[in-house]
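To start, the structure under review is shown below, and the notes come after it.
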Amino acid sequence: MPPVYYGDATRTTTAPPSKRSLHTDASASGDFQIPTAFDSALNNNFTNNCATFFKTMLQSETVTGCHPFSLMLRTSNALFKASKSLVRITQTLEATCAADSTQCTAGTNELARKLLTDDACKVDYDNNNPQVVQAYNGLVAYEPLYLASCLKDDEGDYCYANAVTNTTSQGVDAIPFYLPLGVPMHSGARPTCNSCLQDEMAIFSQFAANSSQPVSQTYSSAADTISMYCGSAFVNVTAAPLKGAASTSTVAFTPTISLLIMFFFFLFQ
């Protein structure tokens with residue numbers, strides 16, 4: 001894992017009083033299946049080659065075995081629903097974090113490479129097909145989001161699980177997790193200044209210097225915003241170079257307002 005930067009700002013390390021108990025979550029009854037990416041009907045606005053690639057990709061061992069959190073975060077309705085239950089989202093994170101990250105990173109990078117070929121989705125990607133761009137960004141962002149989603153707080157609970165089930169923050173603490181997917185953090189966002197946020201941003205800073213990563217377009221502005229209210233030493237405002245990083249392509253991004261509306265609708269309905 002990339003080194004974690006600790007500043008001199010005061011950090012909140014205790015669990016919020018509104019946090020739900022893992023053992024008393026009534027919404028977690030019944031059987032549960034790990035969420036999958038693109039679990040809603042795909043649109044019909046694909047070239048034939050791209051439609052075939054998507055079918056193959058979603059059935060691949062990389063996707064079915066690695067449970068890529070990065071690929072699910074913007075495309076899985078089941079993940080949004082699981083985020084309403086501390087038990088369910090914890091079970092999901094346990095599955096994603098149990099994967100061999102080295103093999104899964106290689107697998108998702110290879111899928112991203114294939115996606116941009118003429119035999120797959122290059123035409124669709126060049127035309128900014130939203131689902132194709134989401135798929136590409138989710139594939140290339142596997143490693144930073146694997147590391148971030150597997151972070152735990154001082155009590156041993158997953159940071160992301162805390163972020164989406166803490167009613168005090170009303171989901172704002174989950175916003176930084178979208179940075180690696182090219183989703184900017186608006187200037188009015190105020191995630192809790194705690195150890196989880198600091199560690200998440202430390203991970204993202206290690207990937208932000210790589211122009212092939214979507215986070216390279218979103219990290220600096222988010223770090224500036226966070227440093228203004230968490231303290232100037234809380235995060236690295238300048239992205240830290242990632243050893244061995246090389247630019248491989250230009251990353252496209254899609255509008256995010258509908259995504260955030262969907263996220264909060266599922267989380268707090």
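Each reported figure results from applying straightforward, stated rules to the coordinates on display, with no laboratory input. Not measured: the values here are computed from a predicted model. Because the Cβ atoms are built from the backbone with ideal geometry, glycine has one as well, and the counts that use them run over all protein chains shown.
Annotations for the structure displayed:
- Sparsely packed GluC sites (Glu not before Pro) within segment 86-189, loop by DSSP, other Cβ within 10 Å at most 15: 155
- Across segment 48-268, Cα-Cα pairs farther apart than 25 Å form 36% of the total.
- Cα-based shape type of segment 66-127, given that a ≥ b ≥ c are square roots of the gyration tensor eigenvalues and the cut on a/c is 1.5: oblate
- Likely footprinting exposure, 153, 31, fewest C-beta neighbours within 10 Å first: 31, 153
- Rg/Rg_ref, segment 68-185, where Rg_ref = 2.2 N^0.38 Å and atoms are Cα: 1.11
- Proximal lysine pairs, segment 48-268, alpha carbons under 23 Å, eight or more residues apart or interchain: 5
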